[in-house]
């Protein structure tokens, strides 16, 4: 342990990679009966991780080269697979984001989960999630990243299905686990392709070799596309996007944790992590740009007709992840990472504010929250409006700066279809965000506070109503901190750009020059267009849901078939159900069942019948009668004599 004490950087990295795991073990084995002690252990561990992450960020902010600690883990012939820590500017930024969000969510959970019978189990799962996510972020090699990537999936399954006694929650957990595993199959095959085609799974060496063209272009393209399958699953990209809205069955703090900077952002982070590798394949970049665009547009349309407050923000998360993938696919490394950073703050803010409303009114229906007097909860109402403005890309909030960076990247592409799609997405984002805000602020047919409690909540197990005590303030302080971050973070975009793009030559070479639309007339035209469309979306929502006398039905009510298409998620789940029923269950499963019954069971039954029949025949050789035995003996001796004589 002396060598740890001599290297505080290694000590801090080790703390992030071990303390949450120790916390989980202690809670599950020793303190599960003691609720307050379990929460204190978990929050203390994540607080120590937060301090360690901030120390690493501050200490290594000017480091000219990545700091890497590696130990040989798997050694075979000329192949060495390491285990350790990679501390460069991207991993330090993401480590800090994860630690901040995880800490605020755990503090918030003190109020939200108060009275829940699974309180200690909840904090144990939170610690497991934090451990897996932070260790994944600082992994120096793809195999270690993949292992903790899968542990993140396991922790997400446990948290999404936290209320396992509910059928819908257990089904949502299984759906998330299975659909993300489909993408992870491709991810693992991509890692194998890199190992066979290059022989080294180190992230820095992969990036450098791909940029130096020391890996065959076909191997890079194949590996990048297969690895991107993991991004499609984890970050809910088309076509594996329908599990994420169903994941809202977990507690609302879990939704904030999953949607802000952790699980679903892990795919975007991983793509950013090996961005130079992806950038070495124009074909792979084109595919990612297309998938991100389709995802962003589809999810935006789904959010326009949803009434579950958490599902609206879930669709928004899918859409914003599509924006990030679009930025990276278009060559905008900084734009993608910057939007990941700002999105972490305002999306956690939106979910945690929603959690206060759900905790108070015991319903997820935004209409019921509005009728119950949701606007009277001043702190969450104001903070959620701040988050919605940031999500819509309104100046001077953080989302404005990151959205403009993405629009600049798309504007630099020769094909303007991508820019048009991005601007359309910005319009729809503002519309569905303020559709929700106005339905709570200006409800139709307002009811008494108690009437709102008649709604159906998804996760109100054991929660204590009331917002005037410690429970409320435990939830209020984290949202106010996140609102403050959302207000000021955008003004540090130049500092963050300088910080990230000083990460080393690999990123500079991969960065498409000309990112953004410059600072000439075109830049201001683009800026005006994007902001005008966002403001237009807000005005559009006001006319349909905010102004006095508005029916609060939306223009899609006049097109029932289109509304049904959006409400049924473009029938993607229906397509999966058809494939399962006809191709999997009716095809493969039926074929395997017949093979099992007719071939395997038939062969075993045949052997059994032959054995039984043979036994019956042979049984005549031993009847217990002396005369039969003498006849057989004489016949045998006679056969032997005839054999030798003849």
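What base-10 log of the normalised intensity I(q)/I(0) is obtained for segment 67-114 from the Debye formula, alpha carbons as equal point scatterers, at q = 0.19 Å⁻¹?
Result of the Debye calculation: -0.73.
Modelling each spin label as a point 7 Å along the Cα-to-Cβ direction, I'd like the residue 192/residue 582 distance in nm, to one decimal.
So the two model labels end up 3.0 nm from each other.
Once the Cα atoms of helix 333-361 and of the chain are each reduced to a long axis, what angle between those two axes, in degrees from 0 to 90 to the nearest 10, is obtained?
90 degrees
Just to confirm the number: angle between the C-alpha axis of helix 601-619 and the first principal axis of the chain, 0 to 90 degrees, nearest 10?
20 degrees
Over the alpha-carbon set of the chain, divide Rg by the Kirkwood Rh and report the Rg/Rh ratio to two decimals.
Across the chain, the Cα-based Rg/Rh ratio is 1.13.
If you build the convex hull over the alpha carbons only and average its shadow over all orientations, what do you get for segment 1-138? Give it in nm² to one decimal.
Averaged projected area of segment 1-138's Cα convex hull equals 9.8 nm².
If we count other beta carbons within 10 Å of each Cβ, what is the order of 37, 133, 302, fewest first? Display every interim value, and only then the final one.
On the way: 37 16, 133 30, 302 27.
Placing the least packed residue first, the sequence is 37, 302, 133.
Quick one: what do you get for segment 287-369 if you divide its Cα Rg by 2.2 N^0.38 Å?
Against the compact-globule rule of thumb, the ratio is 1.23.
To the nearest Å, what is the center-to-center distance of segment 194-224 and segment 291-323, using C-alpha atoms only?
If you average the Cα positions of each part, the centres end up 33 Å apart.
As an exercise, use a Förster radius of 35 Å and the Cβ-Cβ distance of residue 286 and residue 168 to find the FRET efficiency, rounded to the nearest 0.05.
0.35
Modelling each spin label as a point 7 Å along the Cα-to-Cβ direction, I'd like the residue 542/residue 574 distance in nm, to one decimal.
Each label point is offset 7 Å from its Cα along the Cβ direction, giving 3.7 nm.
Quick check: from the Cα gyration tensor, does segment 538-603 come out rounded (a/c under 1.5), prolate or oblate?
prolate
So for the pair residue 601, residue 29, with labels modelled 7 Å out along Cα→Cβ, what separation do we get in nm?
Those two pseudo-labels are separated by 4.6 nm.
What is the helix-to-structure angle for 378-392, meaning the angle in degrees between its Cα long axis and the longest Cα principal axis of the chain, kept from 0 to 90 and rounded to the nearest 10?
80 degrees
Quick check for you: which residues of segment 154-189 have the amide N under 19 Å from the point 7 Å beyond the Cα of residue 121 toward its beta carbon?
Those under the cut-off are 154-177.
If R0 is 35 Å, what FRET efficiency do you get for residue 185 and residue 532 from their C-beta distance, rounded to 0.05?
After rounding to 0.05, the efficiency reads 0.20.
Going by how many other beta carbons lie within 10 Å of each one, how would you line up 486, 31, fewest first? Spell out each step's value before the answer.
Values: 486 26, 31 20.
Fewest-to-most Cβ neighbours within 10 Å comes out as 31, 486.
Read the figures in this text as sums done on the coordinates, not as results from a lab. Treat the numbers as computed from the prediction; the structure is a model and nothing was measured. So basically every Cβ, Gly included, is an ideal-geometry build from the backbone, and we count neighbours across all protein chains shown.
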